[in-house]
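Below is one structure; the comments refer to it alone.
The values are calculated or read from the model by the stated rules, or taken from the named source; none is laboratory data. In this text the structure is predicted, and so the values were computed from the model without any measurement. Virtual Cβ from ideal backbone geometry, glycine too; neighbours counted across all protein chains shown. Ligands, DNA and RNA are stripped out before the accessible areas are found, and what is left, the full protein with its side chains, is counted by its heavy atoms. Shrake-Rupley method; radii C 1.70, N 1.55, O 1.52, S 1.80 Å.
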Amino acid sequence: MENCIFCKIVDGKIPAAKVYEDEKVISFLDIMPANKGHCLIVPKKHSETLAEISDEDLAAIIKAAKKVAKALSLSLGAAFNIVMNNGKEAGQVVNHSHIHVIPRFHKDRLRIKWSHLKYENDELKEYADKIRKFI
Ligand code: 5GP
Ligand code: ZN
């Protein structure tokens, strides 16, 4: 994909601080980290979101995320969050699918939490019915 920043990193056209690579995946430090050590796990083949990535590439990136998360835990003594933004409304800025592995530390200031809504009346069942039809 032309003009895709992560495709350019995969092709070696722009530099990145690489931490892991295999046949299908590359992982490097996020240039603007939520916490220091924040890594991105990127499939080498371009796909935009989780909805369109191949099952093979999905398996490869989640396995790589596990390797990188364990390395963050051992090297930095960190807990970690796994985050994947899919689509503009969900905060995706780079339209090449990727998983964030974000190291977490005691009393760090990062917040990955949301306020909770409530379902009214039959809404809970209605939402489940609606979603199930498309699976
Ligand atoms: P998104 O919001 O799309 O899930 O996350 C994209 C991430 O890519 C951001 O956290 C951003 O800091 C990171 N990023 C954007 N451009 C570059 C780049 O050129 N190099 C690296 N290493 N990270 C980048
Ligand atoms: Zn790309």
Over the range 20-60, the set of residues open to solvent by 80 Å² or more (accessible area, probe 1.4 Å), under 17 Å from CYS7 (Cα atoms) and of a type outside the set (Asp, Glu) is ILE31, LYS45, LEU50
Checked LYS63, LYS8, LYS107 against criteria (part of a loop (DSSP other than H, G, I, E, B) and either of a type outside the set (A, V, I, L, M, F, W, C) or touching a helix residue (DSSP H, G or I) at 6+ places or on another chain (Cβ under 8 Å) (or both)); the one match is LYS107
Those residues of the range 93-110 which are away from ligand 2 (no atom under 16 Å from the Cβ) and open to solvent by 80 Å² or more (accessible area, probe 1.4 Å) amount to HIS106, LYS107, ARG109
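Which of the following residues is near ligand 1 (Cβ under 9 Å from one of its atoms) and either outside any helix (DSSP H, G or I) or aromatic (Phe, Trp, Tyr) (or both): ASN86, ASN3? Please lay out each step first, then the result.
On the way: ASN3 fails: near ligand 1 (Cβ under 9 Å from one of its atoms).
Just one listed residue meets the conditions, ASN86.
Tell me whether the range 18-39 contains one or more residues that are over 25 Å from ARG104 (Cβ atoms), among the polar types (S, T, N, Q) and in a loop (DSSP other than H, G, I, E, B).
First, pick out the residues of the range 18-39 that are over 25 Å from ARG104 (Cβ atoms): 22-24.
Subset that is among the polar types (S, T, N, Q): none.
Looking through the range 18-39, none of the residues is over 25 Å from ARG104 (Cβ atoms), among the polar types (S, T, N, Q) and in a loop (DSSP other than H, G, I, E, B).
Could you tell me whether any residue of the range 65-73 is of a type in the set (D, E, K, R), closer than 18 Å to LYS44 by Cα and at pLDDT 95 or above? So that I can check it myself, show each step before the final result.
Kept after step one, since they are of a type in the set (D, E, K, R), are these residues of the range 65-73: 66-67, 70.
Next cut, closer than 18 Å to LYS44 by Cα only: 66-67.
Next cut, at pLDDT 95 or above only: 66-67.
Checked against the condition, which is being of a type in the set (D, E, K, R), closer than 18 Å to LYS44 by Cα and at pLDDT 95 or above, the range 65-73 yields at least one hit.
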Flagged in the range 4-19 as within 9 Å of ligand 2 (Cβ to nearest atom) and open to solvent by 50 Å² or more (accessible area, probe 1.4 Å), in numbering order, are ILE5, LYS8
* To do: Restrict the check to the range 41-51 and report whether at least one residue is in contact with an Asp or Glu (Cβ under 7 Å, 6 or more places away or on another chain) and among the charged types (D, E, K, R).
  => yes
